[in-house]
Structure formats: structure tokens, C-alpha cells
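> Structure provided below as C-alpha cells; questions to follow.
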Amino acid sequence: MLDAAVCGAVFASPGVQQILQGLGYISSRHGTLMIVKNYTGDKLNFGLAAEIYQATAKHHMEMVVVQDDVSVPRSRNQKVGRRGLAGTVLVHKIAGAAASAGGTLTQVAQVAQYVANNIVTIGASLDHCIPPGHSEVMSLASDEIELGMGIHNEPGTRKISPQPDIVTLVDGMLDHLLNPNDPGRAYLEIHGTPQRLPVVLLVNNLGGLSVLEIHAISHVAVSRLEETYQIRPQRIYVGPYMTSLNGPGFSISLLNLEPKADGPEPSYLLSLLDAPAQCAGWTPSLLESSTQQLPIDSRVVSGGPVVDFSSVESIPCDASFVSTLFENVYREVAKQEPEITHFDTVIGDGDCGTTLLSGAKAVLDVVNGGSHDSLSHILLDVSKAVMDTMGGTSGALYGLFFGAFARSVQQHYKQDQGLSASVFAKSAQDALENLKRYTTAREGSRTLMDTLIPFVRTFSEASTRSDDIANILASSLEAAKKGTEATKELPSSFGRSAYVGAHSGAENGEKHDITGAIPDPGACGVVAVLTGLYSTFSTSK
């Protein structure tokens with residue numbers, strides 16, 4: 001299986017520093033394969049960590065992104081792609097066994113990518129789970145079931161009422177997985193019809209079903225596969241492989257073993273699945289072939305992250321003013337956090353406000369924790385504090401922006417021989433351009449970019465006419481607020497709200513808009529930060 005797993009807060013991706021720490025603990029001369037589920041925060045944080053680790057440790061890295069969800073049609077996932085769900089576990093198992101058998105990093109990455117490309121998953125649930133510390137949660141009615149429920153408590157793609165019986169529900173889910181004539185969901189490459197297709201079946205418990213219930217569901221899935229498609233799975237896996245706390249639901253995954261010219265032999269993939277695994281969370285197949293003992297390579301473990309923020313040129317600044325600035329930012333974020341959390345609870349997973357608040361508190365602690373009379377060091381410390389404490393998509397975005405901003409300030413400070421509004425404007429523009437390398441979100445995407453882009457643009461334009469930062473910030477903040485307000489009218493195309501936005505239910509002709517009149521929570525968070533920033537400069541005039 002895996003040599004290391006890196007966890008963030010509940011339903012949030014881990015931060016870059018956490019990932020780097022994990023990479024340090026399992027460092028191997030053979031290189032490292034990262035298997036990442038397709039969520040924006042995961043891709044950004046793991047991608048950034050891979051870049052840093054390769055650059056600093058001279059370590060060969062490969063990354064396989066798993067996106068096995070079929071519940072969201074192609075028309076709605078063109079920008080963000082499909083979610084990574086329980087099928088990822090089979091990628092873990094096969095890749096781990098291939099590595100233990102002595103495969104090279106390239107070989108293991110290739111077989112992992114092949115499996116990721118040939119697996120599909122769909123979930124369903126009776127209700128959402130309740131994350132620790134969250135009192136507010138969107139619940140389903142007693143006669144509803146939600147199709148397409150995700151693993152992070154995000155709403156599904158369609159609510160079905162009244163609840164269908166289990167046979168009807170499973171039939172619909174299998175149709176989503178296997179129907180080659182569904183242009184929105186025909187992700188499996190099937191030669192001909194799905195009849196008699198060789199597959200591996202995984203029935204995953206989201207955490208809240210009893211052993212009796214999940215095995216009853218798996219029995220229905222096996223029966224319907226054979227009766228409808230004449231498919232007898234080569235292997236059957238049943239259990240809580242990828243849970244959503246106590247979520248009362250399940251998912252069905254199918255791995256296509258149909259031979260392909262450019263793919264490994266099905267017997268080889270099955271041997272990797274059958275290889276012994278010493279892992280508490282792995283339940284062997286109900287249909288095991290004779291297992292083959294594979295040699296296990298010894299692992300060389302070395303610890304410690306590999307990021308060094310020293311050796312930067314000092315830029316003198318007023319430490320007291322900087323401390324006041326970040327105190328004001330923290331106060332404003334704390335003031336707006338409940339509303340941001342409410343917005344994100346309605347359309348996402350509810351962690352946007354608390355994640356931003358934890359980052360603002362960590363930054364304030366860092367700034368107040370020592371002598372900070374160098375702006376360059378303060379900005380790098382801010383970037384590091386954000387990466388250390390803020391998981392999820394927003395943590396990666398803030399970390400990328402502040403890190404690039406810090407580097408750019410040093411560059412333009414040298415060129416201009418001092419600090420000015422122009423230096424900050426050029427640095428912000430550079431940081432924004434760097435951020436665009438890692439996300440395709442732009443204005444109109446209903447993300448924090450709807451706030452950040454007009455802010456940076458207005459700040460840059462105003463800095464060519466004046467050096468009064470307070471006045472420049474006033475007009476820039478106004479532009480940022482207008483951008484945030486505009487997100488109320490925008491459909492979601494990024495993040496988890498992309499799966500639950502204005503088009504939910506559109507396949508059946510119904511209108512199901514839960515994002516209308518609610519601004520993007522990430523954009524609101526940026527406004528909170530900028531408001532705290534502006535209040536510092538406006539009161540110091």
C-alpha cells in the first residue's frame with residue numbers, strides 16, 4: 001500500500017509543510033510517487049510541495065491524479081475535472097504492490113495511471129455526516145436519497161424522492177458507470193458492449209452503514225451486474241475503504257480489466273491486487289485467487305522538511321506598524337468569519353471561514369512573536385505561516401500568492417532603491433501572474449480570483465497616478481468588493497460548489513440553485529483581509 005499518508009483538517013487538504021514533512025520521512029533514492037485525488041486544494045498543495053521538494057532535495061517525483069467520479073456529467077466538470085473517490089484505493093493497492101515487487105518509479109507511475117484511467121465510481125447517501133465542531137449541516141428529508149454524494153460531505157448531483165428500493169438505486173448507479181451511450185458519463189473505454197466485461201468491484205462504506213447493510217448492498221450489486229450485464233467480477237472488495245466520517249451511504253467502483261494494446265495484462269493487475277498487504281484499512285477480496293508472495297524492498301527513511309527561508313536581503317520597515325496591520329487583518333477576519341462559514345456551509349464543506357481565521361491567527365502570532373523590522377523576512381514568515389496552518393484550496397492559493405509577493409518585493413525594492421506604492425503594485429501583479437500558473441480560475445469563475453484580480457488591477461493602475469497607499473487601497477478595495485458582489489450572480493465552476501451550483505438537477509429540467517444570492521466564500525475572505533489592510537493605512541494618515 002502507501003508508505004505515507006498526509007492528512008489535513010477534516011475535509012480539507014493538507015498544507016504544503018505537512019506534505020513536505022511526509023516526503024522527508026519516506027525519502028528514497030528510487031524517487032517518490034504521489035497519488036492525489038482530483039480536488040483543487042489537493043492538486044495545488046501537493047503540486048507545490050512536489051516543486052519545492054524536487055528543487056531543494058533533488059528528488060525525482062511523479063504524481064498521479066485520480067478522478068473516478070461519474071456522477072457529474074462532462075458538461076459541468078470541464079474546468080475542475082472529476083472528483084477522486086473510493087476507486088483511488090485500488091490505485092493505492094496496485095501501485096504499492098508494483099513498487100514492492102521492485103518496479104521502477106516510472107513503471108509504478110505508469111501502472112497507477114493506467115488503473116486511474118480505467119476505474120469509475122459513483123456514490124449515494126441517505127444524509128450528510130456532521131463534522132466535529134460543526135453544529136450547522138444541511139440534512140436530507142426522511143424520504144430522500146442523494147446521488148453523487150462526495151467524500152467531503154459536499155452535496156451530490158441529484159436528490160431522489162421518494163427513496164427508491166435498493167435494486168432500483170443500484171441499477172441506476174450501474175447505468176451511470178457502464179452505459180456507453182451516455183455522452184456525459186461514458187468514461188470507461190469499452191470495446192463493444194459492457195456485457196461480460198471483466199471487472200473488479202469495490203463497494204465502499206462511507207462510514208455509517210452496518211456490516212450487514214454494506215454486504216447486503218454488495219450482494220445486490222453483484223446480482224445486478226450478472227443479471228443485467230452478464231458480468232461476474234474477478235474480485236469483490238467490500239468495506240470502509242474511504243469513509244466520510246459516519247456518512248450513511250456507499251459508493252460503487254468498477255475497475256475495467258478488458259485487455260488493451262497499451263496496457264498491462266489483466267492477470268498482472270490481479271496479482272498486484274492479491275499481493276499481501278500489511279495495512280489495517282485494507283480488506284482482502286471476497287474472491288481471492290492464490291496469492292503470490294512478492295519481495296518487499298527495504299525502505300530507507302530519512303526525516304525532516306527541506307525548505308529554507310534564510311539568506312534573504314533585509315528590507316527595513318516599521319515593526320510596530322506591521323504588527324498593527326496584521327492585528328487589524330485578524331480582527332476583520334474574526335469579525336466576518338461566522339458569515340463566511342455560513343456561506344460555505346450552504347454551498348461547500350463549511351471550512352472556508354475557520355481555515356482563513358486560523359491562518360490569520362498564525363500570521364499574527366508569528367509577527368508578534370519576535371523582532372520583525374525586515375519586511376522581506378516578515379513576508380516570508382507570513383507565507384510560511386499560511387502554508388503551515390491553512391489547508392485546503394485557500395491555503396495553497398494564499399501561500400502561492402504571498403510567497404511570490406515576498407520574492408517580488410525584494411526584486412523591485414532593489415531596482416527602485418526603496419519601497420513605494422509602485423513596488424507593491426508590481427509585486428502584487430507578479431504574485432497574481434504566478435498564481436495564474438497554478439489555477440485556471442479567472443474573473444467570472446466564482447472564486448477568490450473575482451476579488452483578487454480587480455483589486456490588483458485597480459491598485460496597479462492607481463499607483464501610476466499617486467503614491468498615497470491609503471487612497472490607492474480605498475479604490476482598490478472598492479473594486480474588490482464589487483467583484484465579490486458579482487459572484488452572487490455567477491454559476492460555480494471551481495471548488496466543491498462546482499458540483500452543487502445553479503445547474504444541479506438541470507439534467508431533469510428542474511431548477512435547483514443553492515448558490516444564488518450567496519457570494520463566493522473565498523472572495524469574501526479576501527475582502528476581509530483587504531479591509532483590515534486598508535483600515536491600518538487609512539488611520540495612520
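> On the given criteria, is L20 out of contact with any helix residue (DSSP H, G or I) (no Cβ under 9 Å at 6 or more places or on another chain) and touching a residue at least 60 places away in the same chain (Cβ under 8 Å)? Show your work before the answer.
Numbers: out of contact with any helix residue (DSSP H, G or I) (no Cβ under 9 Å at 6 or more places or on another chain): no; touching a residue at least 60 places away in the same chain (Cβ under 8 Å): yes.
Answer is no for this residue.
> Is there a residue in region 282-291 that is under 15 Å from P198 (Cβ atoms), outside any strand (DSSP E or B) and modelled with pLDDT of 90 or more?
Residues of region 282-291 that are under 15 Å from P198 (Cβ atoms), as a first pass: 285, 287, 289.
Still in the list and also outside any strand (DSSP E or B): 285, 287, 289.
Retained after the next criterion (residues that are modelled with pLDDT of 90 or more): none.
No, every residue in region 282-291 fails to be under 15 Å from P198 (Cβ atoms), outside any strand (DSSP E or B) and modelled with pLDDT of 90 or more.
> Going by the conditions given, is L169 without any contact (Cβ under 8 Å) to a residue 24 or more places away in the chain, crowded, with 17+ Cβ neighbours inside 10 Å and not in a strand (DSSP E or B)? Talk me through it step by step, then tell me what you get.
On the way: without any contact (Cβ under 8 Å) to a residue 24 or more places away in the chain: no; crowded, with 17+ Cβ neighbours inside 10 Å: yes; not in a strand (DSSP E or B): yes.
Taking the combined requirement at face value, the residue does not satisfy it.
> Turning to a different aspect of this structure: Given the options S125, S100, name the one that is hydroxyl-bearing (S, T, Y) and surrounded by fewer than 23 Cβ atoms within 10 Å (Cβ to Cβ). Talk me through it step by step, then tell me what you get.
Numbers: S125 fails: surrounded by fewer than 23 Cβ atoms within 10 Å (Cβ to Cβ).
Being hydroxyl-bearing (S, T, Y) and surrounded by fewer than 23 Cβ atoms within 10 Å (Cβ to Cβ) holds for just one of S125, S100, which is S100.
> Here is a further query. Kindly establish whether L188 is under 28 Å from the mean Cα position of the chain (by Cα), under 23 Å from Q110 (Cβ atoms) and at pLDDT 95 or above.
Values: under 28 Å from the mean Cα position of the chain (by Cα): yes; under 23 Å from Q110 (Cβ atoms): yes; at pLDDT 95 or above: no.
Answer is no for this residue.
> Quick one: in region 141-166, which of the residues that are assigned to a loop (DSSP other than H, G, I, E, B) and touching a Lys or Arg at 6+ places or on another chain (Cβ under 7 Å) is surrounded by the most Cβ atoms within 10 Å (Cβ to Cβ)?
Within region 141-166, the match that is surrounded by the most Cβ atoms within 10 Å (Cβ to Cβ) is G150.
> Which residues, counting only those in region 368-383, are assigned to a helix (DSSP H, G or I) and surrounded by fewer than 22 Cβ atoms within 10 Å (Cβ to Cβ)?
Keep residues of region 368-383 that are assigned to a helix (DSSP H, G or I), which gives 368, 375-383.
Those that are assigned to a helix (DSSP H, G or I) and surrounded by fewer than 22 Cβ atoms within 10 Å (Cβ to Cβ): N368, L375, S376, H377, L380, D381.
> Can you spot a residue in region 432-447 that is closer than 20 Å to T536 by Cβ and either touching a strand residue (DSSP E or B) at 6+ places or on another chain (Cβ under 8 Å) or crowded, with 22+ Cβ neighbours inside 10 Å (or both)? If you could, list the steps in order and put the result at the bottom.
Within region 432-447, the subset closer than 20 Å to T536 by Cβ is none.
Scanning region 432-447, I find no residue that is closer than 20 Å to T536 by Cβ and either touching a strand residue (DSSP E or B) at 6+ places or on another chain (Cβ under 8 Å) or crowded, with 22+ Cβ neighbours inside 10 Å (or both), so the answer is no.
> Here is a further query. Filtering region 208-267 down to residues that are crowded, with 19+ Cβ neighbours inside 10 Å and of a type in the set (F, W, Y), which residue is farthest from the chain's Cα centre (by Cα)?
In this case the residue turns out to be Y237.
> Looking for whichever is at pLDDT 95 or above, out of contact with any Pro (no Cβ under 7 Å at 6 or more places or on another chain) and surrounded by 23 or more Cβ atoms within 10 Å (Cβ to Cβ) here; the options are F455, F424. Which one fits? It would help to see each step written out before you state the result.
Details: F424 fails: surrounded by 23 or more Cβ atoms within 10 Å (Cβ to Cβ).
After applying the criteria, what remains is F455.
> Go over the candidates I52, I94 one by one and state the one that is closer than 18 Å to L269 by Cβ, in contact with a Leu (Cβ under 9 Å, 6 or more places away or on another chain), of a type outside the set (D, E, K, R) and assigned to a helix (DSSP H, G or I). Give the derivation first.
Numbers: I52 fails: closer than 18 Å to L269 by Cβ.
Step by step, each of I52, I94 is checked, and only I94 is closer than 18 Å to L269 by Cβ, in contact with a Leu (Cβ under 9 Å, 6 or more places away or on another chain), of a type outside the set (D, E, K, R) and assigned to a helix (DSSP H, G or I).
The values are calculated or read from the model by the stated rules, or taken from the named source; none is laboratory data. Bear in mind that the values here come from a model prediction, so they are computed numbers and not experimental data. Don't worry about glycine lacking a Cβ; one is built from the backbone with ideal geometry, like all the others, and counts go over all protein chains shown.
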